[in-house]
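The values are calculated or read from the model by the stated rules, or taken from the named source; none is laboratory data. Predicted model only: the values in this text are computed from it and were never measured. Note that each Cβ is placed from the backbone with ideal geometry, even for glycine, and that neighbours are counted across all protein chains shown. Side chains are part of the model used for accessible areas, which takes the heavy atoms of the whole protein and leaves out ligands, DNA and RNA. Shrake-Rupley method; radii C 1.70, N 1.55, O 1.52, S 1.80 Å.
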Amino acid sequence: MRMYDIIEKKRDGKELSKEEIYFFVNGYTSGDIPDYQVSALMMAIYFQDMTEKERAILTEAMVESGDKIDLSRISGIKVDKHSTGGVGDTTTLVLAPLVASVGAPVAKMSGRGLGHTGGTIDKLESVPGFHTEITNEEFIDLVNKNKVSVIGQTGNLTPADKKLYSLRDVTATVNSIPLIASSIMSKKIASGADAIVLDVKTGAGAFMKEIDDAKELAHAMVSIGKQVGRNTMAVISDMSQPLGYAIGNSLEVKEAIDTLQGKGPEDLTELCLVLGSQMVVLAEKATSIEEARKMLEENLSNGKALEHFKIFLASQGGDSTVVDNPNQLPQAKHQIEVLAKRPGTVKTIVADQIGTAAMLLGAGRATKESVIDLAAGLMLNKKVGDAVSEGESLVTLHSNVEDVRSVIELIEKSIVISDEKVEAPKLIYGTITE
Ligand code: URA
Ligand code: CA
């Protein structure tokens, strides 16, 4: 088999065979096939697309390129949730203990990464003592005991995806539905999920800005999941404005605590109930979405979800008293208000720009070397559709640096106040099960 022939076949719009897909994935991972040939193939796929069958085979080939996490020692159906990424998305912190509190096992492998805030692990590390450096054995034992644990990435998972993603990043081939879908799904499958709930975001703060693109990506991932024997479904949710009010690591932990007490932001609470219900049904702990939702709502109001969060934190070294005293979380030295310059109704809060503002305050990493300030970030005081008067606070900055003029300028540009009547945006655009 020759790489040249594979590139030519895809260039001409033909379907690649299983042998051809495994040939280039394995050859690229081992270093036998050079970047320039794989770049050409990625560009051919970008223009010619892949059939559903090719996408599933590509996903499996990437899974097979490295280690796979074996969660079979955990009893029950392990449902994983994946978000395509947004701004101030606090859902994992809420969902993990909430779903566990109704008996569905949550075995979460998570990361740090670049972005507006840290990843789930950074956020959890705002809780003094909490750590995710545990062995796979401990991880599995904790899930069996408490139904929830979070571990940092271990092992050499999907090395083919790592190489391909870096190559796509510099060859203008990231934005391809078959390549994105197989990349995301390969990581979820290699980390051992039996079933997968996808939160595909759409809007200014999302990877997929347009709703039709988000739907297409969701369909592509659900199709791959089903073909490889993992029950998969997707929710399309809004990310035109940030989710909830908090953007920042310890600020989001506080927001998660509020939400687990049933007094969190409306949008964050609703999204957690929607995603959580799907997870509980896929885990076969309820037979309908309605039943699952009722169980979750009950545990938000009776304290069981919050109790589960305490158990989870303590089981990984965390000081669970922060749940009752969130002011023990890291606090920034300065709180600075960003005031409305005119009265009206909030028309837009451009999610990605607000996210960048949080990152500039130190909440996220711009490069791999950046050090996160766990206390830094911002709290929205208004959301789209809210009325504001002149001089009222739109945003509270939490900062350890004194000079925040450029951050304030960015926020002023990204929050638009108008005289029109504005409706709050729709939160859920649909669910996709096939
Ligand atoms: N996120 C991924 O993990 N992979 C992609 O290809 C794009 C976004
Ligand atoms: Ca939030």
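Assorted remarks:
- With every protein chain in place and a 1.4 angstrom probe, the accessible-area ranking of Lys347, Lys310, Lys78, Lys209, largest first, reads Lys209, Lys347, Lys310, Lys78.
- Oblate is the label for segment 323-434. Its Cα gyration tensor axes, ordered a ≥ b ≥ c, give a/c of at least 1.5 and b/c at or above a/b.
- Listed by chain and number, the aspartates and glutamates whose C-alpha is less than 14 Å from the C-alpha of Lys18, apart from same-chain residues fewer than 8 away, are Glu52, Glu54, Glu60, Glu64.
- Estimated 222 nm signal from helices in the chain, with DSSP H stretches of n ≥ 4 weighted -39500 (n - 2.57), rounded to 500: -13500 deg cm²/dmol
- Per residue accessible area of segment 170-219, 1.4 Å probe, in Å²: 30 Å²
- For Lys147, the lysines whose Cα falls under 23 Å of its own Cα, not counting residues fewer than eight places away in the same chain, are Lys68, Lys78, Lys81, Lys108, Lys123, Lys187, Lys188, Lys254, Lys285, Lys294, Lys304, Lys310.
- Probe 1.4 Å - accessible area at Tyr28, Å² to nearest ten: 10 Å²
- Kirkwood Rh, angstrom, segment 339-382 [1 / mean 1/r, Cα pairs]: 12.1 Å
- Heavy-atom accessible area with a 1.4 Å probe sorts Asp199, Asp258, largest first, into Asp258, Asp199.
- Other-chain or far-sequence residues with amide H under 5 Å of Tyr429's (modelled H): Ile236, Ser237, Asp238
- Residue-wise HN-Hα couplings along segment 16-21, as the Karplus relation 6.51 cos²θ - 1.76 cosθ + 1.60 with θ = phi - 60° gives them from phi, are 7, 7, 4, 4, 5, 5 Hz; Gly and Pro carry x.
- The Cα-based radius of gyration and maximum Cα-Cα distance (Dmax) for segment 114-259 are 16.9, 46 Å.
- Cα long-axis angle, helix 249-260 against the chain (0 to 90 degrees, to the nearest 10): 80 degrees
- The residues neighbouring Met1, those whose beta-carbon lies less than 13 Å from its own, together hold a net charge of -2 under the Lys/Arg +1, Asp/Glu -1 convention.
- For Gly264, residues with placed amide H under 5 Å, excluding near neighbours: Thr259
- Dimensions in Å of the chain - Rg and Dmax from alpha carbons: 22.0, 69
- Here the extension length gained between Lys341 and Asp49 equals 100.3 nm, from 0.36 nm per residue of separation less the Cα-Cα distance.
- Sites Lys294 and Asp324 - FRET efficiency at Förster radius 30 Å, r taken between beta-carbons, to 0.05: 0.65
- Largest-first ordering by accessible area, 1.4 Å probe, given options Thr120, Thr356: Thr356, Thr120
- Cα gyration tensor category, rounded, prolate or oblate, for segment 111-161 with a/c compared to 1.5: oblate
- Computed across segment 191-245, the Kirkwood hydrodynamic radius from all distinct Cα-Cα pairs reaches 11.8 Å.
- Amide H within-cut-off set for Ser176, under 5 Å, with H built and near neighbours excluded: none
- Cross-link pairs Lys201/Lys263; Lys215/Lys368; Lys162/Lys263 - those with Cα-Cα distance over 28 Å: Lys215/Lys368; Lys162/Lys263
- Once both labels are positioned 7 Å from their Cα atoms along Cα-to-Cβ, the gap between Glu434 and His131 label points is 5.0 nm.
- For segment 115-132, 3J(HN,Hα) per residue [Karplus equation, 6.51 cos²θ - 1.76 cosθ + 1.60, θ = phi - 60°, Hz, x = Gly/Pro]: x, 5, 10, x, x, 3, 5, 4, 4, 5, 6, 5, 7, x, x, 5, 9, 10
- For segment 1-41 versus segment 241-308, the inter-centroid distance based on Cα atoms is 44 Å.
- Start at zero, step by 5 Å, and the Cα-Cα distances of segment 19-114 spread as 2, 9, 14, 15, 14, 15, 14, 10, 5, 1, 0 percent across the bins.
- Estimated FRET transfer efficiency (Lys209, Asp169; beta-carbon r; R0 25 Å; 0.05): 0.85
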